[in-house]
Every structure is written in C-alpha cells, then in structure tokens.
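Below you'll find the structure, written out as structure tokens, and then a few comments.
The values are calculated or read from the model by the stated rules, or taken from the named source; none is laboratory data. Given the structure is predicted, the values throughout are model-derived calculations rather than measurements. Quick reminder, even Gly has a Cβ in these numbers, built from the backbone with ideal geometry, and neighbours come from all protein chains shown.
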Amino acid sequence: MRPSLFALAGFLAAASLFLFTASAAVPISQWPTAIFSLGPARLDEIILLHGLFPRAGVALVAGAALGLSGALLQQLLRNPIADPSTLGISAGAQLAIVIATLFFPALLDGHRALVALSGAAIAALIVFALAWRTSFEPVTMVVSGMLVGVTAAALSASLTLAQGEYLMSLVTWNGGSLGQQDWSVFNALSLQLFLAMAAAAVLLRPLLILGLGDASARSLGINLRGVRLAVAVLATLLAGMVAANVGLISFVGLVAAALVRGCGVRSPLAALALSPLAGGLFLWFCDGVVQTVAGASGETFPTGSVTALAGGPLLLWLLPKVRSLQGAQRPQGSVRRINAIKGFTILATSLPFVVTIALLVGNDGHGWTLLTLQTAADLSSLRWPRLVAAAGAGGLLALAGAILQRLTGNAMASPEVIGVSGGAGLGFAFVLTLFPMSGPYSMVAGAALGGLAANSAVLAFARRQTLPSDKLLLAGIAISSLSSAVLAVLIAAGDQRAWQILAWIGGSAASVTPGVAIFLASLSIIVMMASMFLVRWLTLLPLGVTMSRSLGVPIAASRVVTLALCGLATGAASVLVGPLSFVGLIAPHIAARAGFIRARDHLAASFFLGAVIMAFADFGARTATFPYELPLGLFAAMVGAPYLIWLITRK
C-alpha cells in the first residue's frame, strides 16, 4: 500500500506540472479538437501534439530506462550508490558523442546510438577493470567511476570550448535536453526499453541468486562470470541508448532506487520491478519543473542539469548504508625502499632540467626550436610566472593526493575526490553570476570561499568517528556531483558565463601574474612544511581505525586537520589548474613505486614530482599546438590517463 500511495503522489505531482505547462499552450478544453481534428493545425496545436506530448513520453521512457539500469547495477554489485552516473558510464557516452560531432560527424548519421554505446562500453570496461581485484568493493567502484567520469566530462568540456561553433548545441545536449519535434525518439526508446526489460526478465532469477553470495550461487549452477557480464552489458546498453537520444541525464537510476527503498520496499524482485516506474515519474517531474520555471522566467536549461542536483544530497544520505572494507586498509607503496638522499638528489636534478626546457625551447608553428639567450631573456617575463605557478600548483595537488591516499588507505584517492575543486568552481561561478564585471582578484576570492565551503562539508563527515575513512571519499564525490550540476545549469544558460566556466574547467596559466606565481610557490612551501608535522598520523592511519586509536591517534582531530590542509592545497591549486589534472593521483603512486615508503619521504617526493610534472605540463600545453594553447589541466590529464591504464594492466 505504501509504495502505491507514493507512486500515485508522484504521478499526480508530475501530471499537475505537465497540465499546467501544456494548458498554457492550448487550453485543456480545446485538446480534443487539437487531437482529433482532420483540418490544418494551428501553431500552438502543433507544439502541443508534436512537442509537449512526445516530450512527456520521452521523459517517462528515458527515466524508466535509467531507473532499470541503476537497479540492475545496484543488485549486481550489491552497492546502493551504483548508477550509470556514479560509475562514469553516462560520461563515456557523452565524450564519444562530442568527439564524433566535432571530428567524425558522418558517423552520427544513422549511427548515433552505436557511437554512444561504444563510449559507454569503454568507460564501463575501465571502471570494472579498476575494481576487479577488489571484488567490486563499493567505494573503489564509485571512486573509479568518478575518476573516469570527471576525466570524460573535462575532455568533453575542453573539446567543446575549442570548437566554438558547436558550443550551444553540445552544451544543451550534454545537459540532457528533452525537447522534441516528433514522436520518433519516443518510439525508438520505447522499443529499446521493451527489449531490455525482456532481457532483464530472463536474467532475473540468476541475478537474484547472485545476491546470496558467490559460493551459494556457484553451488546452484550459476555461471557467475557470464551472468555478471550479461547484466553489466544490459545496464550499459540502457544508459547508452538514453544518452544517444536525449543527452546526458544524471542520477536518475540512483534516485529511483532510493525512492523505492524509501517507500519500504526490501524485496530485490520488487525493487527491480518498481525502479523503472520511479525513474520515469522522477524524470517527468523534473522536466515539469524545468518547463514551469522556463515559462515564468524565460530562462531555459536542460532537464539533466536538474536531475543532477538531486545526486549530491542523495549520495550524502546514502553514505551510512554503503558497506566498506575498512579492515583491508594498508599502507600504500611497494616493499622496496630507496635511499632517501639518493632519491631526492635525482628529483632535485630533474627540476632544473624541466625549467631549462621550458625557458629555452619554443615552437614557431613549424616545430620546436632552441631559442637564443637574448630571445629567451625577452620572453622570460612571460614564461617564468606561469612556470613557477604551475610548479607550485602541481606540488600542492601531489602533496594533497599523498596525504589522502595515506589517510584513507585507498590508492584511488586524489584531490579531485574531496570536492574542493568542485566547490571552488561554484565560488567562481557565483562571482561571475552576481558580479559579472568583477576583476581577477574577486574571482580568486570567490573560488577560495567556494573551496572552503566544500571542504567544511567534508569536514563535517570527518568529525564522525563511526564513519570509516574511505567513506570520506564518497562525501567528497557527493559534493563534487552537486557542484558539477550547478555549473551545468549555469553553462546551459549560454551566455558569456558559459565560456568563462568552460575555460576554468580546462585550466590555464596564460593569465598568471608574478604576484600569483609567488603566492602559489610560497603557499606550496608552507603547506609542505606543515605536512611534516602530520607524519606520525599519516604513518599510523593506514593501519585502520582500531589500530590507530590504540596507538594514541586522535581519529576525529587527525581527519579534520589533514583534510583542512588538503582543502587549502587543492583550493589554491584548482584556481590555476582547474578541477582535473590527475597529478594528485599519479605523483604519489610514482613516489611510492620508486621506493619512497616512509611517510616523510613519500610526502616530500610526491611534492617534488608533482611540481616537475605540472611544470612540464605547462610547457606542453603552451607549445604542443602552437599558436593555440591547450588547457593546462587537460594536458596534465593526458599524462595521467596512460599511467592509470598501465596500473589497470598490472597484476
């Protein structure tokens, strides 16, 4: 009875919004005439019959498909926060469509669905490969999905920014627009959903048996690998077909499953059956909100940006329900140690080498060339500030990544995960919206305040000693998701803010002043020195909460202090680099694999490696495509992505 009442309430709410907007176009009393009339239709009747009606149908069908996809993934992985959005599947489909639109437009003619499914499949394959060795442990799955998703989203944003003539169409599609001109999309999605539901019915029994555990399922004759592959492929197909037809719509599967559980449904069979209904009603309701706001204010924005607003708060609410492998935490790094003096000597010699290349090598449009001393001196005033700023930002990000990986015992931790970069973006966008004529210092102040607010939200979770450390990563992901949703709404407005926010997402050091460079470099040194006082905590925390507490580590205080330091470092660096670089992920890994095992050596080596990597990234971003400049964060991610793939292939 309770699920039925909630379903009825959801239907009435969504239907009321639809009737309100549709009756504004054509009064309800005239609908029979508009529907059954055989004569020529008026413009408002055409909008009703071929715009609003199919739009409502597409919202219901697309929401049902995403709800079913989310329910299948959650049942397969036994993870209440699994969803095509949190696992990066939707972002992979988005990137594939953007690449095809910009570089291979002929592929989209009749093959749009295939392109989107290819991107979704590649993203899903990477995420599942990352989590394979941890038996698809929920936290690792979501962190891996976040990294894949944010990488794909940043690449999409950078490519969109580079092709200005496609800006508005791609931004609208990326946001998940449900606007329709006929019934073709509804017919295609309906057929695809029907076939997917038939396939899900065939897989239902073995999928439910998987919930009993691998040993029990194997004893009952279930082919574990085959069933998992089939369910993962089906969920990916559902997300990919929605992305191909209406664009990127986030968190519908997550919300649908949460609504079903919130109604008191505990049976896996009932949850799988009701999630498509909940997803369809939720997306229809969100679209009604979008149309109502558009009718009242004149501002239009994609429906997908509204559904994403629900993702962040819902992830925070679901955090206590996620199972964790807290006891499996262990210090990161190999067993081999390196002589600290020898190792730091090698690092110290690499930095002057990169600085020399950055100052003395240039690109004249025909290839790289060695500058004369006079030319290098003339250009030094333009090059040294951005070089110093990039090195300082890289050191801050790498140091934050090393601290997070040791704090959580999770090798996938990185500064992007704690949500400070997303909060900085919100602060940046807030200043752009309220003070469009403000100067660069106001932008920096807004980004700093936004990062501080996001960090404060994560710290609120850090004070809870009952919350395992690795779930702090999920708190950051939730805040990042909420921040990304708000930015998507602002970008979809299509004015000058869209260009400026997209430029920030890619990151650039072109406008760095000497003052900003000196500030970042000085701050990086101060944060580095402060981290040395946390060495004992960072040595013991990877051993687990119980062991750390027995050795005298104040769990809550240590989390607050270390996360505050990470927030300061990440917030300052993200103003220059943007929300994505991977430096905070790869530099600590390289340092640990090189043999810097002790906490003190690991932090220092990560700091130096991050500075070297980001300084080289600035050189590459400036010269690789001269006279055009690549986004700094994107170029750094190009270095990190191959390393991440290499980690996947290692035993």
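Tabulated values for the structure
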| read-out | value |
| --- | --- |
| Qualifying residue in the stretch 60-70 (condition: assigned by TED's automatic domain parsing to the domain that holds SER144, within 34 Å of the chain's Cα centre (by Cα), closer than 30 Å to LEU229 by Cα and modelled with pLDDT under 85) | no |
| Residue check, ARG593 at pLDDT 85 or above and assigned by TED's automatic domain parsing to the domain that holds PHE635 | no |
| Residue match in the stretch 23-35 (condition: under 28 Å from ALA123 (Cβ atoms) and not assigned by TED's automatic domain parsing to the domain that holds SER481) | no |
| Matching option when the condition is of a type in the set (A, V, I, L, M), under 25 Å from the mean Cα position of the chain (by Cα), at pLDDT 70 or above and outside the structural domain of THR140 (by TED's automatic domain parsing), among ALA447, ALA517 | ALA447 |
| ALA243 touching a Ser or Thr at 6+ places or on another chain (Cβ under 8 Å) and within 23 Å of PHE128 (Cα to Cα) | yes |
| Pair list, Cβ < 7 Å and 6+ apart or interchain, from the stretch 532-558 residues that are more than 14 Å from THR408 (Cα to Cα) to residues that are assigned to a helix (DSSP H, G or I) and among the aromatic types (Phe, Trp, Tyr) | VAL553/TRP537 |
| Criterion: touching a Pro at 6+ places or on another chain (Cβ under 8 Å) and at positive phi - qualifying residue of GLY247, GLY213 | GLY247 |
| Positions within the stretch 100-115 being small (Gly, Ala, Ser) and surrounded by 16 or more Cβ atoms within 10 Å (Cβ to Cβ), in sequence order | ALA100, ALA113 |
| Odd one out for PHE596 among (1) in a helix (DSSP H, G or I); (2) surrounded by 24 or more Cβ atoms within 10 Å (Cβ to Cβ) | (1) |
| Count of the stretch 32-46 residues which are surrounded by fewer than 17 Cβ atoms within 10 Å (Cβ to Cβ) and in a helix (DSSP H, G or I) | 7 |
| The stretch 165-204: number of residues that are modelled with pLDDT under 65 and of a type outside the set (Ser, Thr, Tyr) | 8 |
